[in-house]
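The values are calculated or read from the model by the stated rules, or taken from the named source; none is laboratory data. All values derive from a computational prediction rather than experimental measurement. Every residue, glycine among them, receives a Cβ derived from its backbone with ideal geometry; neighbour counts consider all protein chains shown. To get the accessible areas, we keep the full protein, side chains included, count just its heavy atoms, and leave off ligands, DNA and RNA. Shrake-Rupley method; radii C 1.70, N 1.55, O 1.52, S 1.80 Å.
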Amino acid sequence: MRPFTYERAGNPAEAAAAVAARPEAKFISGGTNLLDLMKLGIEHPAHLVDISRLPATIEDTIDGGLRIGAQVRNSDLAAEPRVRARYPVLAMALLAGASGQIRNKASTGGNLLQRTRCAYFYDRNMPCNKREPGSGCSAMQGFNRGHAVLGASDACIATHPSDMAVAMSALDARIETILPDGGSRNLAMDEFYRLPEATPHIETSLQPGEMVAAVTLPPPPPGRQIYRKVRDRASYAFALVSVAAIVDAERGRIGGAQIALGGVAPMPWRATAAERALGGSGSSEARMRAAADASMQGARGYGHNEFKIELAMRMVQSVLTEAA
Amino acid sequence: MTEETATGFAQWPLGNGPIGEPLDRVDGQLKVTGKATYAYEQRQGGKPLYGFLLGAAIGKGRITAIDVSDAARAPGVVHVMTHENVPEQGAFGPPVVPNGYARPRPVLTGSAVQYYDEPVAFVVAESFEAARFAAGLISVHYDRQPGAFDLTADLSKAYKPEKLNAGYETDSTLGDFEGAFAAAPVQIEQTYSTPYECHAAMEPHAALALWSGDELTVYMSTQVIANARGALAATLKIPVEKVRVVSPFTGGGFGSKLLLHAEPVFAALAARELKRPVKVALTRQQMFANTGFRPMSIQKLRLGADRQGRLTAIGHEVWSHTARYEESAEQTAVFSRSLYAAPNRLTRHRLVALDLHRGEWMRAPGEAPGLMAVEVAMDELAEKLGLDPIELRMRNEPAQDPERKVPFSSRALVPCMREGAASFGWDQRNPRPASVRDGRHLIGIGMSATIRPNAMRPAKAEASISADGRVTARLDMTDIGTGSYTVLTQIAADTLGVPMDAVTVLLADSRYPQTAGSGGSFGAASSGTALHYACRALRAKIVEAARRTVGSPFEGAELTEANLANGEIQAGNKHETLADLMPLIAPDGLTAQGAAEPGASYKAFSQYAYGAQFAEVAVDMDSGEIRLRRMLGVFAAGHILNPKIARSQLLGGMIWGVGAALMEENVVDPRYGQFVNHDLAEYHVPVHADIPDVEAVFLEEQDDKGNPLGIKGIGELGICGAGAAVANAVYNATGIRVRDYPITLDKLLPKLVRNDREI
């Protein structure tokens, strides 16, 4: 671990300015991912700005939604009555992630910004374009069982590991940021995350010093909310595939749905093609099958992860079937 | 002292003392309050220096240049060791030596890299953080050479090792296997594979070394004090008497702490050079490559049977990996020489030399991977015959050891299967696979036989009683989380007829009498018997002193050992506590020794512990996820010293079996030779949520052939067959047979029928 200096920010604007002021500064909140990466020499900030003690509030918004402060801990968010009552898919996703100890430390903003768990990214001896741009991707021809089948590029096939973000994507969450100049931005999930393309080391559209301030959820859409996570053991494992869905169905007839997938792409993957297919004509059965097929449109496997394509389609259909 | 006769050992009468009681661990409070001191927490010798290992970035090749100048200048760094400046050490030697435990294990021996993450440099600094940071500043240039990292790709280069682990014969044949198999009306011929697995002990390998003149003391995490001591002395080229190894608590070993690894050697070399204590721990990631692992195996099973299900031919052939520079030959098919009757038999072991680190013994080497093939093959045979799997096993129950042709000392496989079947509800199993559903889950039940050799190794112990009547036992046995402190306290208290709290057991210091330590499930039998004998000898001395001492209330009395009970000597209407009596009869205390040796009965009898395991799984038809629902193991393993601790041991083993069946796998990248998944996030072992309901029970068993206490080893018994029971349950649930472990959902999915809402 590279030696670093440390300061504790007094307020969000101060924090953003402090990180912007130094080229090798980083925010730290729960540190559940950053500290591991620092110990392994994968992240090596020279300066840390601790934002973990900034206010962590969950507020109702005027339009009937919820504004979740970036410092709200994962455990607290999962236990929040308004989340459990109105956004159960988010509570389920949170509780499906990590372990109790980690959720107690991990923040909402940090969860969004966690790095991939690609084993080659974690091993400094291995080529990795995300860790060392231009060095190559070891996973492409290597052991890629956990890797992306959608949204990947020739430079990187890593997945985003979050469960929480998948539920947020399905819920049409937006991300509110604070800029070093005191301004702020409001980004949709797919504006916030960037696909790897030729620059997999750039994972979001955040500017230097720009800090995640909050996640806002619009009022919950009608329908049943489900989070299903498929993994190799019953707890404390990253998703092979996960599905967050809000399905509007009545007596077996599917109306609309909002569906996002985890474990299959470099970012939480909003399955818009599947949503469109559901909105088509035909029986519920046929539309669910079409949605499942559409969810993996354009998917590509790299060997070990080939199974994810079939698995994701099965899971989309399974979740829709359960909801209908 | 030994009390072995041609028919076995005179059995120590049990039932009066603490042996057999489900007592709490005597060290439990120390552990839960953090007062049990593990190697890295030792503070002897004052403020230590901290070492950090830098591992090789290639799997095979040569270091062409190594630049440590930045590291050496980094804050807090006091020393950087590489192959260019490492002190002289004993030479490693050829791949096979008579005693691999005691051979020198030198570090940084040259520019050659033999396996990925092999230590190439060692940084010593004032803090752990400084050492780790500086290690990252070392620049190493390599000439990378192509290595052989893929067992399956190199099977054609397999060779026959001279011997297997523990001295077992490499191959065995009986009758005409090929002819009998070819003629068998019912045949099973299948190939199974088990992956590399990591021990993943909770406590990382760690050592603190300090020198006093030419004498070295190493506090370290180890299973066997004498192994560490001997290998350290040989590596450092100093007399073994100059080395003291201390390891009062070890946080799990499972076979990964039998051999000396690099960290104590580095600590000792650096401490000698720097004249300060040096402390080293491996990181979790470093443990994967550097502390051994279970070798991968490919196993070919051929079973031939008549239509009634009587086996006529058993063939079990194994290919596994070994390191190129040091041979390790897992005894994967050895138990097949004994488990079932059949007149024609074949077992074979072959090795493929790869550019990986050597495999090491991992919980039940041999049986753990071997039963995952044999017991699944038996399940396949039962199905082909239309026989119940338990009935098939009963029809092949041997009357004596089928290959050694000696009687079994005891063999309770059938009672274990019967008891387990009744308790588990085996009669509810639908033999037609994929026919039981619960919502979107397929439910299946499977079983397996369990077998594990009962072993004993030479051990010595000392017991003493002080003037205040307190008993102290000393032996270099380790407690690796198994409960050694507790069961040895029970044995001493029981043997001497004193209360548990009058006994202090001191372990794991090379100043104490030598034992074989913890390994091979021989710990309790070996050390326990030695201590029992020491206490018997001490008992005789106490009684003798009471009878002979002038002025003793028992002077001249007709005393036998039986007069010592409940902490008192009793004779006629006289009774005196030892605390009252000792100042008079032996004011300086009394001390006695005991020694245990594997006796003639090990040759005259086939000695195993047995069991039967049952598992129920649910398989999600949509996702293919397999989850254990419940599991039961029924075991017969002689007298159980402490049912509470024994149960924990068995449950732990069974859970390991669940992991082996469903998730554990160290993946080797054949391009580079590294273990891709090398932390506990990506190397999966079962978590609590994976183990909802698991139980282990013991059947009573009398076996006087192994030792005077009638005990058998249990540390590895639980894993034996556990994985096969789970695998057979998965087949019963789905009708899909996955023979390439672990059984992960991606291997089921292609054949798994989707959940259908109409059913």
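For residue A:250, the conditions (1) free of Cβ contacts under 8 Å to residues at least 24 places away in the same chain; (2) open to solvent by 10 Å² or more (accessible area, probe 1.4 Å); (3) within 12 Å of chain B (Cβ to nearest Cβ) are fulfilled apart from (3). Entry remark, the range B:367-415: residues being under 23 Å from the mean Cα position of the chain (by Cα) and farther than 14 Å from residue B:724 by Cα number 5 in total. Within the range A:137-153, residues that are away from every other protein chain (no Cβ under 13 Å) and more than 16 Å from residue B:678 (Cα to Cα) have Cβ atoms under 6 Å from residues that are crowded, with 21+ Cβ neighbours inside 10 Å and among the polar types (S, T, N, Q) in these pairs: A:148/A:159, counting only partners at least 6 apart in sequence or on another chain. Among the residues making up the range B:156-184, those that are within 19 Å of residue B:324 (Cβ to Cβ) and either of a type in the set (Phe, Trp, Tyr) or open to solvent by less than 60 Å² (accessible area, probe 1.4 Å) (or both) are B:158, B:159, B:161, B:164, B:165, B:170. Kindly check whether there is at least one residue in the range A:299-319 that is in a helix (DSSP H, G or I), under 26 Å from residue B:747 (Cβ atoms), within 18 Å of the chain's Cα centre (by Cα) and without any contact (Cβ under 8 Å) to a residue 40 or more places away in the chain. Scanning the range A:299-319 turns up no residue that is in a helix (DSSP H, G or I), under 26 Å from residue B:747 (Cβ atoms), within 18 Å of the chain's Cα centre (by Cα) and without any contact (Cβ under 8 Å) to a residue 40 or more places away in the chain. There is no residue in the range B:132-141 that is open to solvent by 70 Å² or more (accessible area, probe 1.4 Å) and small (Gly, Ala, Ser).
The residues of the range B:618-627 that are assigned to a strand (DSSP E or B) and buried (at least 24 other Cβ atoms within 10 Å of the Cβ), listed by number, are B:619, B:626. Filtering the range B:657-671 to residues that are closer than 18 Å to residue B:113 by Cα and facing another protein chain (nearest Cβ under 7 Å) leaves B:669, B:671. Of the residues making up the range B:242-263, those that are farther than 18 Å from residue B:479 by Cβ and under 21 Å from the mean Cα position of the chain (by Cα) are B:259, B:260, B:261, B:262, B:263.
State yes or no: is residue A:55 assigned to a loop (DSSP other than H, G, I, E, B), away from chain B (no Cβ under 14 Å) and closer than 25 Å to residue A:174 by Cβ? Here the answer is yes, as residue A:55 does meet what is asked.
Take the conditions under 22 Å from residue A:231 (Cα atoms) and either open to solvent by 40 Å² or more (accessible area, probe 1.4 Å) or assigned to a loop (DSSP other than H, G, I, E, B) (or both) and apply them to residue A:280. Does it pass?
Details: under 22 Å from residue A:231 (Cα atoms): no; either open to solvent by 40 Å² or more (accessible area, probe 1.4 Å) or assigned to a loop (DSSP other than H, G, I, E, B) (or both): yes.
In short, no.
Here is the figure for the range B:503-533: residues that are closer than 11 Å to residue B:492 by Cβ and touching an Asp or Glu at 6+ places or on another chain (Cβ under 6 Å) total 0. Selection over the range A:24-52 of residues that are more than 14 Å from chain B (Cβ to nearest Cβ), of a type in the set (D, E, K, R) and either assigned to a loop (DSSP other than H, G, I, E, B) or open to solvent by 20 Å² or more (accessible area, probe 1.4 Å) (or both) gives a count of 2. If the condition is being open to solvent by 10 Å² or more (accessible area, probe 1.4 Å) and over 33 Å from the mean Cα position of the chain (by Cα), then the range B:735-751 contributes B:735, B:750, B:751.
Checked against (1) at pLDDT 95 or above; (2) under 31 Å from the mean Cα position of the chain (by Cα); (3) in a helix (DSSP H, G or I), residue B:133 meets all criteria but (2). Looking across the range A:59-78 at every residue that is open to solvent by 10 Å² or more (accessible area, probe 1.4 Å) and over 19 Å from the mean Cα position of the chain (by Cα), the one that is nearest to residue A:22 (Cα to Cα) is identified as A:59. Looking only at the range B:548-569, residues that are open to solvent by less than 70 Å² (accessible area, probe 1.4 Å), touching a strand residue (DSSP E or B) at 6+ places or on another chain (Cβ under 9 Å) and under 22 Å from residue B:468 (Cβ atoms) come to 9 in all.
Pairing residues of the range B:685-702 that are touching a residue at least 60 places away in the same chain (Cβ under 8 Å) and within 14 Å of chain A (Cβ to nearest Cβ) with residues that are of a type in the set (Asp, Glu) and assigned to a loop (DSSP other than H, G, I, E, B), at Cβ distances under 9 Å and at least 6 apart in sequence or on separate chains, gives B:685/B:664.
On the given criteria, is residue B:156 under 24 Å from residue B:318 (Cβ atoms) and among the polar types (S, T, N, Q)? Quick ask: steps written out before the conclusion?
Numbers: under 24 Å from residue B:318 (Cβ atoms): yes; among the polar types (S, T, N, Q): yes.
The answer is yes for residue B:156.
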